[in-house]
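Since every read-out is calculated from the coordinates, none of them should be taken as a lab result. Treat the numbers as computed from the prediction; the structure is a model and nothing was measured. Please note: Cβ atoms are built from the backbone with ideal geometry, for glycine as well, and neighbour counts cover all protein chains shown.
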């Protein structure tokens with residue numbers, strides 16, 4: 001994780017800022033454009049992690065034979081959904097689901113800070129758009145979108161948890 005974080009730090013910061021902006025857009029100003037931008041973003045970040053993180057930095061059997069294919073499949077599914085429009089990212093209607101969604105997404109963005117507080121120093125801490133936290137972020141977005149969700153995307157995300 002350390003070598004990846006050092007090499008990809010500027011990209012990670014850009015991805016985190018984009019994720020924050022797009023999260024705001026899909027929840028506060030929902031539109032087809034915001035949905036498509038989020039899907040394109042998620043597709044890029046999953047492909048990025050699949051190629052850069054798993055193929056270049058996290059070499060190993062699990063990374064090569066599980067991480068790469070899963071992340072590339074998820075990236076492709078998000079691109080396909082730009083055209084088939086099964087997923088509609090939105091804020092849940094039920095109050096407790098709204099709070100749970102906010103809590104879950106905040107945890108993803110606070111993940112590095114929580115790691116620092118628990119004694120994980122940079123560059124060994126996990127950033128917000130690294131594979132595990134990215135998957136949690138995507139699952140939170142997909143769960144919030146229920147019932148307008150592509151089950152294939154949801155199922156493809158689950159093995160990583």
Pop a pseudo-label 7 angstrom from the Cα along the beta-carbon direction at both residue 18 and residue 114 and give the gap in nm to one decimal.
-> 2.4
Degrees between helix 32-48 axis and first principal axis of the chain (Cα, 0 to 90, nearest 10) = 20
Would you mind computing, in nm to one decimal, how far apart the modelled labels at residue 31 and residue 94 are, each placed 7 Å from Cα along Cα→Cβ?
-> 3.0
Over the range 1-64, what is the mean sequence separation of C-alpha contacts under 8 Å (at least six apart), divided by residue count, expressed as relative contact order in percent?
-> 36
Could you order peptides 108-116, 92-100 by the average number of other Cβ atoms within 10 Å of their residues, highest first?
-> 108-116, 92-100
Round to the nearest 10 and give me the degree value, 0 to 90, for the angle of helix 131-145's Cα axis relative to the longest principal axis of the chain.
-> 10
Expressed as a whole-number percentage, the relative contact order of the chain with C-alpha contacts under 8 angstrom and at least six residues apart is 29
Candidates 46, 89, 103; GNM for the chain (alpha-carbon contacts under 10 Å) flags as most fluctuating 103
Between the Cα axis of helix 68-84 and the main Cα principal axis of the chain, the angle (0 to 90°, nearest 10) is 20
Sorted by packing (mean other beta-carbon atoms within 10 Å per residue), highest first, where do 133-141, 58-66, 16-24 land?
-> 133-141, 16-24, 58-66
Hey, quick one: spin label on residue 83, modelled 7 Å out along Cα-Cβ, who in the range 139-156 has an amide N within reach, i.e. under 19 Å?
-> 150-153
